[in-house]
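The values are calculated or read from the model by the stated rules, or taken from the named source; none is laboratory data. Computed from a predicted model, the values in this text were never measured in an experiment. Cβ: placed from backbone, ideal geometry, glycine included. Neighbour counts: every protein chain shown.
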Amino acid sequence: MGYEQIRSETRGRVGVIWLNRPEKLNAWTDTMHAELTDQIEAWNADDAIGAMVVTGEGRAFCAGADLGGFNERLSEAAPDRAEETRFSAPWTHLIRRSKPTVAAFNGYAIGVGLTLALPFDFRLASESARLSIRFIKVGLVPELGSTRILSQLVGLGQATDMCLTGRMVGASEALGMGLVTEVTADDALLEAAVAKAEEVAANPTAVVMLIKQLLDSNALEPSIDAVMEREQVRDRLARKWPEHAEAVQAFIEKREPDFTKRG
């Protein structure tokens, strides 16, 4: 379908999405959110897609939320500072339950432009990428679970420094702290991101999703017995699935397994 603020294409078993408001440095809007969600959900339901890449058009990944509508919010009655408010993070939950995702930071990734990618499975950056969890600079707090996810990725000390200063982090520093796993030349970023997605998409999607569930559930689980129980339950499932049978048969026949085959 046609979108206004993203564009997408497929490359084999990889779906690629570009945030597509380059004149606004791909600033985040409700429309972009809705379109991105729609495309990801469509590919989650498509057996031909095994992984997804999200990058930005032009010189930014996403330079934060579009501030155009913020002035209207200022006229709304402010809640009491002690008031406990309801919250939701459907984006974070969507990415956690989606097929593997790769974020390709091709330039500025600021505020929500960074936090939207923290739940992704992989994050790569070009040499010119600049990252900042900059909410403090506009009098706001980080969202989408980022105060926990960022701490998991880079450690509490580094997360505290980024959140309380709002400073810009270059690609090499982001690599050193574990915020990204690879830095490439600017013109090689998309190729590297697609290659990573292809590497994952070549694996059995159903089992990939089991492993994603385990990583999400077990990362902070204090009980090793609970961790092993979850693993055992899913291992019993995987042993009965055609993907495992195909891997065994391929080993016997001395060939590469074809996980697109169904038993």
ask   = Just checking, which of Ala197, Ala188, Ala193 is assigned to a helix (DSSP H, G or I), closer than 20 Å to Ile17 by Cα and in contact with a Pro (Cβ under 9 Å, 6 or more places away or on another chain)?
value = Ala197
task = Mind counting the residues in region 1-51 that are assigned to a helix (DSSP H, G or I) and over 22 Å from Pro119 (Cβ atoms)?
result = 3
message = So for region 224-244 (the condition being β-branched (Val, Ile, Thr) and over 24 Å from the mean Cα position of the chain (by Cα)), does at least one residue qualify?
response = yes
inquiry  = So Ala109 ticks every box in (1) in a strand (DSSP E or B); (2) over 15 Å from the mean Cα position of the chain (by Cα) but one. Which box is left unticked?
reply    = (2)
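Residue-by-condition table, conditions (1) surrounded by 14 or more Cβ atoms within 10 Å (Cβ to Cβ); (2) touching a strand residue (DSSP E or B) at 6+ places or on another chain (Cβ under 6 Å); (3) more than 30 Å from Ala60 (Cα to Cα); (4) not assigned by TED's automatic domain parsing to the domain that holds Trp43:
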residue	(1), (2), (3), (4)
Glu182	yes, yes, no, no
Asp187	no, no, no, no
Ala197	yes, yes, no, no
Ala226	no, no, yes, yes
query = Within the set of pairs 6 or more residues apart or between chains, which connect a residue that is modelled with pLDDT of 95 or more inside region 160-181 to a residue that is exposed (fewer than 15 other Cβ atoms within 10 Å of the Cβ) with Cβ atoms less than 7 Å apart?
reply = Gly166/Lys137; Ala171/Glu127
message = Looking at (1) assigned by TED's automatic domain parsing to the domain that holds Asp47; (2) of a type in the set (Asp, Glu); (3) more than 20 Å from the chain's Cα centre (by Cα), which one does Glu191 not meet, given that it meets all the others?
response = (3)
query = Before we move on, is Ala206 in a helix (DSSP H, G or I), touching a helix residue (DSSP H, G or I) at 6+ places or on another chain (Cβ under 7 Å) and of a type in the set (A, V, I, L, M)?
reply = yes
note = If we keep only residues of region 124-139 that are among the hydrophobic types (A, V, I, L, M, F, W, C) and at pLDDT 95 or above, then the residue farthest from Ala103 (Cα to Cα) is Ile136
remark   = Here the residues within region 1-26 that are in contact with a Cys (Cβ under 6 Å, 6 or more places away or on another chain) and farther than 22 Å from Gly50 by Cβ are Asn26
